[in-house]
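J.: Dropping the structure in here first, questions after.
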Amino acid sequence: MLAARPRPGVVGGLVVALAIGLAACRGGDAVELRRWSVAGEVVDAPGDVVLPAHLALAGHRGTYTLSTRVEVPPAWRGRALTLVIADPQARATLVVDGAAAPATDATRAELYRGVGPAGWRVPADATADGVLDLELTVAHRWTQSAWWNTAPLLVAGDDTPAAAVRVLVFNHYVAIAALIALAQLGLTGFGIYLVDRRRRGYLWLGVQSVAAAYYPLFVLGWSQPLVGVYDAPVLAGALVVAITASIWFTHAIFEQRSPSRLWLLLAAASVAVFAWFHDPFVATQISGPVTIGVVIVLTGYQLVVCARLAWTHPDRLTARFQFASWVALAVCMPPDLLHWLGQPAALDGARPASAGLLSFALCLSLLLSRRHILALKGEAEHLDAAERQRAQVEQLNVELRRQVAERSTQLFAALAIAGGKSGQAPELRAGELVQGRYEVVRELGRGGMGIVYEVERIADRRHFALKLTHELHGTALARLAREALIASKIHHPNVVGVVDVDVSATGFLYVVMELVDGTSLKALAPRHGDAAWALPLLAQIADGLDALHQAGVVHRDLKPANLLVTGGRGDAAVKITDFGVSRPLPGGPVDDEASESGRRTAAAVFDGEITETVRGAAAADGDADRGSEAARLGAEPVGFGPEPTADTVGLGAFGVAPRPLTAGLTRTGFLVGTPAYIAPEAMDGQAGLSPAADMFAFGVIAWELITGGRPFERPPVLSLLGGGTPPELPSLASRWDGAVPEVVALVDRCLSYEPAIRPTAAAAAIALAPWRAARRPARAS
């Protein structure tokens, strides 16, 4: 079955039905006391009067009396009775047979006008003789205190007449409900606007609701303690402000053209009139008709606009909620408007406009609920679209990384073979364009092997780092291409990502990488020794190193200079960079994902690269520690392995004819890396190439960051190169006050001279997980 949708027209029907039902309701039997005599200091012409009536009184403060003699019905004689005024407009006291009668409800002394219904007890002994002499003393404080819209009623016992029931329901219970509904609606409107200032319509909703809430506040009499005898002109101003704000709300919420500013001028002029004629004996005669005229005009405008929207707006149901709110208000307003014009009371003084305002607030609540539901639905659709787009972007990123890796593999193989050609790469200047895709911003740094520039991608104005080599010979370019190949295969927040790799029109190879806004861990040497700062960083380094090893890559030059740090204490993030001398493990994911011909080529070239000169790497990187250690080795490197044999390489996929391969990217017999971080097994050549070598470097870095010093005076690899034995390493606990046993055990194992004893990067990441920094670095795209 289909669920029935709410019909806004039902709300107006319910209001009308409520009014008819209350009009027909009956209370206890009552005797209407219509004939009275009026006298007093403010009475212009004392005499008899028939109620309901408007008395002719002076326009100033004072009192007057209404007196009458009543014949008590025989059935009521000897019984207690109650005198009830359904809709009193003034405060009054009752005297029965010369004695003051107690009021049924206490009246607050600060109130200047009556709030009905009002009643007084007539004692049983006063009714025994069948005749009552009644005298009402009335305080004349404003114009309407001379208005008697209903005649007083005499009822038996505690019975409540029907007129009083209607007044009690509309002027009290319904008014309270309308006040609460409008206040809640106003707070909602203001709250939404304060959260999002672009949603101006909700500001107008708040203004109209809070201003309209003053009417039930007035009917309840609760406005009197706030503004005293001036609550009538304040009411007039609040109603005009409310309806004017409602016009702007309607236009804003349904995205209509802004209404004419003439409405604001009309409202301002009306408020000025209310402020000028604020005297309580003048306000009703002047402010009443002006308010009614403005209310009728603005309400008519709203009915016309909302009716048009209800049948033409794309969201007709929401528009019909708005239209229903104004229909309900228009149906319930006439009795209240007639009262302010001094006409006879249609419902014995009941104010059904409060019911109209309650219906108005309920319709607007339905309107807001529907808009919220539609917004949630639209947000869900937006999230679905965003998720689909994210999946597409991720797929594009995967494809981009595959293409970058494939291009890097091809360039690496081709350039390694063309190792004899040489030349100098051009120096780029700020503002220069590279391939029409990147604009050079500035130079970030340079070393012996290459230069790094900050560039801006033209397509989206994002900034990246562009790296190129000093020399254009095949071997140097192949190293750069290999670095791009390895980095493109690693997608991890703690590893610097590669965005692009290409050859410019002028012939130089460049690699575009993620730009890290931070500094190297080496430059942060003054902070070394702060374990609380170091442990979260070590946890992230272990995470990134685990990603490298899972991809089948050994970094081979892990050191503080190749670890970039962003953020501050508590949110510092680390990224591993510089894969110029990194190597994929044979059969690993990086090695396996290359094309068949490219894989054979890369394997042949990698087989030719066993080691790298310490001296050359030190000069290239500008690392003083490594350079000084290289100097100790002398001018000539110390060889320890055999020369690679010649091989032939299939380059059909690259359009290059097969040719003998006589040299790799690095020379045989030379160590790769910085001596202080090189594992002892590196002396075994390619046989010593494993992730455990990186874990030795990780242990040295951990020792430095935690203690502020190194675990040895002379690197073990230099002792071995010199023909000696490596030094015995002390436990981290001997240099760390307040040492954590788990961390000590981890670092001591990392520094073991036996590779099999060292933990994996994954194990180190798990051990350091409790100290992992909360913030993770973002990836480039």
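J.: Please compute the volume of the convex hull spanned by the alpha-carbon atoms of the stretch 260-299 and report it per residue in Å³.
T.: Details: hull volume 1.9 nm³, N = 40.
Dividing the Cα hull volume of the stretch 260-299 by its residues yields 46 Å³.
J.: Which order, highest average first, do 343-349, 358-364 follow once you tally other Cβ atoms within 10 Å for each residue and take the mean per peptide? Could the numbers behind the result be given before it?
T.: Numbers: 343-349: 18.9, 358-364: 25.1.
So the peptides 343-349, 358-364, ranked by packing, come out 358-364, 343-349.
J.: Taking 25 Å as R0, compute the FRET efficiency from the Cβ-Cβ separation of Glu443 and Glu713 and round it to 0.05. Walk me through the intermediate numbers first.
T.: Working: r = 37 Å, r/R0 = 1.47.
Efficiency for this residue pair is about 0.10.
J.: Turning to a different aspect of this structure: If you count, for each residue, the other Cβ atoms within 10 Å and average over each peptide, how do 734-741, 46-53, 280-287 line up from highest to lowest? Before the final figure, lay out each step's value.
T.: Working: 734-741: 12.1, 46-53: 13.9, 280-287: 19.8.
Packing proxy ranking, top to bottom: 280-287, 46-53, 734-741.
J.: In nm, to one decimal, how far is the modelled label at Ala430 from the one at Thr137, with both set 7 Å along Cα→Cβ?
T.: Distance between label points: 9.3 nm.
J.: Still on this structure, I have one more. Using alpha carbons only, how many angstrom separate the centre of the stretch 322-381 from the centre of the stretch 531-564?
T.: When both Cα centres are located, 67 Å separates them.
J.: What residues of the stretch 283-298 lie in the reach of a label at His54, counting those whose backbone N is under 20 Å from a point 7 Å from the Cα along Cα→Cβ?
T.: The answer is 283-296, whose backbone nitrogens lie closer than 20 Å to the label point.
J.: I would also like to ask the following. Between Thr93 and Leu265, take the C-beta separation as r, use R0 = 35 Å, and let me know the FRET efficiency to the nearest 0.05. Let's see the in-between values first.
T.: Working: r = 47 Å, r/R0 = 1.34.
FRET efficiency, Thr93 to Leu265: 0.15.
J.: In addition: Please work out the Cα center distance from the stretch 281-303 to the stretch 230-268, rounded to the nearest Å.
T.: Each part reduced to its Cα centre gives a spacing of 13 Å.
J.: A follow-up question, please. Order of 723-729, 251-257, 204-210 by packing, highest average Cβ count within 10 Å first? Present the calculation step by step, with values, prior to reporting the outcome.
T.: Values: 723-729: 11.3, 251-257: 14.6, 204-210: 23.6.
Top to bottom by mean Cβ count within 10 Å: 204-210, 251-257, 723-729.
J.: So for the stretch 264-358, taking the charge dipole from beta-carbon charges (+1 Lys/Arg, -1 Asp/Glu), which of Ala272, Phe323, Thr291 sits furthest toward the positive end?
T.: Farthest towards the positive pole: Phe323.
J.: Still on this model: Pick out, from Ile176, Gly114, Thr150, the residue whose Cα sits farthest towards the positive end of the charge dipole of the stretch 86-188, with +1 on the Cβ of Lys and Arg and -1 on the Cβ of Asp and Glu.
T.: Ile176
J.: How big is the gap, in Å, between the Cα center of the stretch 681-742 and the Cα center of the stretch 430-466?
T.: The two parts, judged by their Cα centres, are 37 Å apart.
Bear in mind these aren't lab numbers, they're just calculated from the coordinates by the rules spelled out. Since this is a predicted model, take the numbers as computed values, not measurements. Ideal geometry is used to build each Cβ from the backbone, glycine not excepted, and the neighbour counts take in all protein chains shown.
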